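Input: a single structure, listed below in structure tokens.
The values are calculated or read from the model by the stated rules, or taken from the named source; none is laboratory data. Model, not experiment: these values are computed from the prediction. Methodologically, a virtual Cβ is constructed for each residue, glycine included, from the backbone with ideal geometry; neighbour enumeration extends over all protein chains shown.
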Amino acid sequence: MHLSLNEDQTQILDFIDSLAKPFAGVPLHDTSFALTSDELDGALVENGFLDVAAMPELGAVTAALVVEKLARLPFAVEAAASALVRPLLDPDLPRPLCLVQEGQLRKPVRFLKPGATVVVVGNGKVRSFTATDDIIRGAGEEVLYAYPMAYLTGIPAETRAHDVAADTVLRAWRVALAAEAAGLLAAALQSVTNYVSERKQFGRPLATFQALRHRLAEAQVVTNGVYWLAMRAAGTADPADAAMAALHAQEAAKRVGYDYHQFLGAMGMTLEHPLHLWTYRLKALTSELGGRGEQALAAADALWG
Amino acid sequence: MDFEWTEEQAAFRARLQAFLAQNLPDDWEAFSKHGPASPALTEFARGFCRRLAENGMLFPHWPKEIGGEGLGPWEQQILAEVMWEWGEPRGGQYMNVNWIGPTLVKYGTDAQKAKYLPQISSGEMLWCQGFSEPDSGSDLASLRTRATLDGDVYRVNGQKIWTSYAGLADTCFLLTRTSDDRKKGITILLVPMDTPGITVRQIPSLIGEGDIHEVFFDDVVVPVGQRFGEEGQAWEIINYSLTNERLGIPRYHLARAALDRAVAMLKDAGDFTREAVRIEAGRCAALCEAARTANYAIVQKRVDGLGVGAESSSARFATVMAERAVCEFVVEFVPEALAGGSAYLQMHHQRGIVAGVAAGAAEIQLNIIASDVLQLPREPR
């Protein structure tokens, strides 16, 4: 048992910090619902940050650390699936990677666009294909989640079968979800604590009122839990650990979502404040893999049969 | 980061498990319903801790200079987990080895070390902790039990409450007020519990018979040589002690063990096929494991020689969440467990209620997290 970052991990996270510095803030006057950057994406790919899981000396925990770190940025990056699921299939699959469950085409898909690799998991199988214009329906301005999203209208007749168990991919997907959620939760919490520490009412910062302090402290507890469960699940590759990490992540997302916006008062309803960039991504993650109940059932299956 | 135990750590845990399986009496599970601070378990612990000591299992994490094996914080945590999982057969002596011993080594006089360390090492000695008072619970620094210097003795007058082990303890680690300075006016005295003027009264409780007490001090005479540290040094000393104790009891581990037991009972009854039950069980497991990993992150800080800091309050609160969830799970789905159906789950339930209260109320942990982890501006006082 050793839970400190090793030297490689510290270096990689520091490097990401400096690389991501230009993307650490929201561009002035930008009120996009979802914020993305091709430049940031390109820099991450170029520096190999999304490929660390495949390197034996780094591995899945480092990949999870990278995903967590990137999720804190206001810019949405497709890192989780690429860094944690792609190595199990084919490390050269074109990005972004879009994960969908068999029979769930009614749901919007994160990062879906022409050229993306869609990975379909279900019925004990894993298959993939490259998305093309004709099977993508844009969701336009309707999307209330802070990711670029679109609908898949069908699955091509020709898909590539991957020689990997569906359960293995589901496990990695859960780790990816938890690691990304951990970063989103941490960034959202930071954003709210900053605001309530400065905003004064009744002559003192909002953060001095215990009604907020205790709920924020509880949010810190669950955020910390999601972080550690995600890292452990990445490290052990255990299906129960992965299910518990994803479950705790989705529970935490549900717990904080409304509180955080409420604590910001009317400012929490604006696009001027960037909080939604994290919380509305958490909302999207809430429905992945069938939601909390399904993760809990997966945990129970793995733990007790 | 590496989330696997080393071979040595796994072997250490297995050795402890085997020792307990072999050395605890056959009716141990029913017996363990007596809380760790009950007279029955306290008496049992005196003999049992001596056997642990003889086998190098009472304080393996102590430095070799004072008779330990020099094992690290991970082993201390493993030891605590295994003992607590078995219903804490050490009774109150877990305190001795967790923090009283190390605190004696750091702050005790030579005479105090010579007197108490062998007693602790023998596995025969029991301490109680005279901290809380009727008007000083979460606000501990407001305590009023007065120690007045009179020549070469202190005269102690006042009252303590919620004192575990007081009924059978040999010595009280007593916080007293020697001046009006809120924190710097508090002084520690080591007081033999058979000193004239001490009256102990049991408080009937939900957590087991004989676990908590009131202790009255009526002109109790304590020689100056029994002062621990300097006058006014108590706050510094107990803060040091708490760094050894903050992680405290690994309640997340017993909660998880209790959950596994509850699931086993549900399976036997054919009820673990229901999704409503399985979902809730999964949720409880996640809370237990979240608490476990949060606690392990603090153990790592100790391994790295860092202060455990305010994050330990976060780990503590996570543990409270896990304890509550598992207790609620049992009440909801295995109600028979708390009516004679399972000694183990009854033991867990009685102890579970303590999680959010003992060693600093859960709300105090939240205050600490808000101020020192989240760095929020403090509340006006």
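Condition check: more than 18 Å from A:ARG110 (Cα to Cα) and within 14 Å of chain B (Cβ to nearest Cβ). Does A:ALA246 satisfy that?
no
Quick check: anything in the stretch A:18-35 touching a residue at least 40 places away in the same chain (Cβ under 8 Å), within 27 Å of A:THR279 (Cβ to Cβ) and among the acidic types (Asp, Glu)?
So far as the stretch A:18-35 goes, no, none of its residues is touching a residue at least 40 places away in the same chain (Cβ under 8 Å), within 27 Å of A:THR279 (Cβ to Cβ) and among the acidic types (Asp, Glu).
Cβ-Cβ below 8 Å, separation at least six or inter-chain, first residue in the stretch A:277-305 and over 19 Å from A:VAL109 (Cα atoms), second outside any helix (DSSP H, G or I): which pairs?
Pairs that qualify, where the first residue is over 19 Å from A:VAL109 (Cα atoms) and the partner is outside any helix (DSSP H, G or I), are A:ALA302/A:ASP238; A:TRP304/B:PHE272.
Of (1) part of a helix (DSSP H, G or I); (2) closer than 20 Å to A:SER191 by Cβ, A:HIS273 satisfies all except one. Which?
Tallying (1) part of a helix (DSSP H, G or I); (2) closer than 20 Å to A:SER191 by Cβ, A:HIS273 fails exactly one: (1).
Which of the residues spanning the stretch A:249-260 are of a type in the set (Gly, Ala, Ser) and at the interface with chain B (Cβ under 10 Å from one of its Cβ atoms)?
A:ALA249, A:ALA252
When you go through (1) assigned to a helix (DSSP H, G or I); (2) more than 9 Å from chain B (Cβ to nearest Cβ); (3) surrounded by fewer than 20 Cβ atoms within 10 Å (Cβ to Cβ) one by one for A:HIS214, which number turns out not to apply?
So the condition that A:HIS214 fails would be (2).
Of (1) assigned to a loop (DSSP other than H, G, I, E, B); (2) more than 9 Å from chain A (Cβ to nearest Cβ); (3) surrounded by fewer than 20 Cβ atoms within 10 Å (Cβ to Cβ), B:VAL354 satisfies all except one. Which?
Of the numbered conditions (1) assigned to a loop (DSSP other than H, G, I, E, B); (2) more than 9 Å from chain A (Cβ to nearest Cβ); (3) surrounded by fewer than 20 Cβ atoms within 10 Å (Cβ to Cβ), the odd one out for B:VAL354 is (3).
Kindly evaluate B:ARG51 against the criterion of being within 14 Å of chain A (Cβ to nearest Cβ) and touching a residue at least 40 places away in the same chain (Cβ under 8 Å).
No: the conditions fail for B:ARG51.
Looking for something within 13 Å of chain B (Cβ to nearest Cβ) and of a type outside the set (A, V, I, L, M) - is there at least one such residue anywhere in the stretch A:274-288?
no
Write out, first by first residue and then by second, each pair whose Cβ atoms fall under 6 Å of each other, whose residues are 6+ apart or on separate chains, and whose first residue, in the stretch B:198-226, is free of Cβ contacts under 8 Å to residues at least 24 places away in the same chain while the second is outside any strand (DSSP E or B).
Between residues of the stretch B:198-226 that are free of Cβ contacts under 8 Å to residues at least 24 places away in the same chain and residues that are outside any strand (DSSP E or B), the close pairs are B:SER205/B:ASP211.
From the list A:GLY305, A:GLY293, pick out the single residue that is on the phi > 0 side of the Ramachandran plot and within 14 Å of chain B (Cβ to nearest Cβ).
Residue meeting the stated conditions: A:GLY305.
For the stretch B:168-179: of the residues being under 15 Å from B:GLN93 (Cβ atoms) and in a loop (DSSP other than H, G, I, E, B), which is modelled with the lowest pLDDT?
Per the criteria, the residue is B:LEU168.
Could you run through the stretch A:175-230 and say how many residues are in contact with a helix residue (DSSP H, G or I) (Cβ under 6 Å, 6 or more places away or on another chain) and of a type in the set (Asp, Glu)?
1
Looking at (1) more than 18 Å from the chain's Cα centre (by Cα); (2) closer than 28 Å to B:THR145 by Cα; (3) modelled with pLDDT of 90 or more, find the lone condition where B:HIS213 falls short.
In the conditions (1) more than 18 Å from the chain's Cα centre (by Cα); (2) closer than 28 Å to B:THR145 by Cα; (3) modelled with pLDDT of 90 or more, B:HIS213 misses (1) alone.
Any residue at all in the stretch A:179-194 that is out of contact with any Gly (no Cβ under 8 Å at 6 or more places or on another chain), at the interface with chain B (Cβ under 8 Å from one of its Cβ atoms) and either surrounded by fewer than 15 Cβ atoms within 10 Å (Cβ to Cβ) or at pLDDT 95 or above (or both)?
There is at least one residue in the stretch A:179-194 that is out of contact with any Gly (no Cβ under 8 Å at 6 or more places or on another chain), at the interface with chain B (Cβ under 8 Å from one of its Cβ atoms) and either surrounded by fewer than 15 Cβ atoms within 10 Å (Cβ to Cβ) or at pLDDT 95 or above (or both).
Within the stretch A:253-305, how many residues turn out to be hydroxyl-bearing (Ser, Thr, Tyr) and in contact with a Lys or Arg (Cβ under 9 Å, 6 or more places away or on another chain)?
Looking only at that region, the number is 2.
Can you list the helices (runs of 4 or more DSSP H) lying wholly within the stretch B:229-344 that have 1 or more residues being at the interface with another protein chain (Cβ under 10 Å from one of its Cβ atoms) and not aliphatic (A, V, I, L, M)?
Of the helices (runs of 4 or more DSSP H) lying wholly inside the stretch B:229-344, those with at least 1 residues that are at the interface with another protein chain (Cβ under 10 Å from one of its Cβ atoms) and not aliphatic (A, V, I, L, M) span B:251-268, B:275-303, B:311-333.
Criterion first (within 12 Å of chain B (Cβ to nearest Cβ) and surrounded by fewer than 18 Cβ atoms within 10 Å (Cβ to Cβ)) does A:PHE263 satisfy it?
no
Taking the residues in the stretch A:217-228 that are under 16 Å from the mean Cα position of the chain (by Cα) and polar (S, T, N, Q) as candidates, determine which candidate is nearest to the other protein chains (Cβ to nearest Cβ).
A:ASN224
Of the residues in the stretch A:96-113, how many are on the phi > 0 side of the Ramachandran plot and within 17 Å of the chain's Cα centre (by Cα)?
Counting residues in the stretch A:96-113 that are on the phi > 0 side of the Ramachandran plot and within 17 Å of the chain's Cα centre (by Cα) gives 1.
Quick check on A:SER197: is it of a type in the set (S, T, N, Q) and either in contact with a Cys (Cβ under 7 Å, 6 or more places away or on another chain) or touching a residue at least 40 places away in the same chain (Cβ under 8 Å) (or both)?
So A:SER197 fails the test.
So B:ARG177 ticks every box in (1) in contact with a helix residue (DSSP H, G or I) (Cβ under 8 Å, 6 or more places away or on another chain); (2) of a type outside the set (Ser, Thr, Tyr); (3) within 25 Å of B:TYR107 (Cα to Cα) but one. Which box is left unticked?
For B:ARG177, the exception is condition (1).
Please go through the stretch B:251-294 and give me each residue that is within 23 Å of A:THR236 (Cα to Cα) and small (Gly, Ala, Ser), ordered by number.
Within the stretch B:251-294, B:ALA255, B:ALA257, B:ALA281, B:GLY282, B:ALA285, B:ALA286, B:ALA290, B:ALA291, B:ALA294 meet the criteria.
Looking for something without any contact (Cβ under 8 Å) to a residue 40 or more places away in the chain and touching a Cys at 6+ places or on another chain (Cβ under 9 Å) - is there at least one such residue anywhere in the stretch A:136-149?
no
Considering the stretch A:120-146 alone, what residues qualify as being closer than 30 Å to A:LEU275 by Cα and part of a strand (DSSP E or B)?
A:ILE136, A:ARG137, A:GLY138
Taking the residues in the stretch A:229-242 that are within 7 Å of chain B (Cβ to nearest Cβ) and touching a residue at least 24 places away in the same chain (Cβ under 8 Å) as candidates, determine which candidate is nearest to A:GLY290 (Cα to Cα).
The extreme case among them is A:LEU229.
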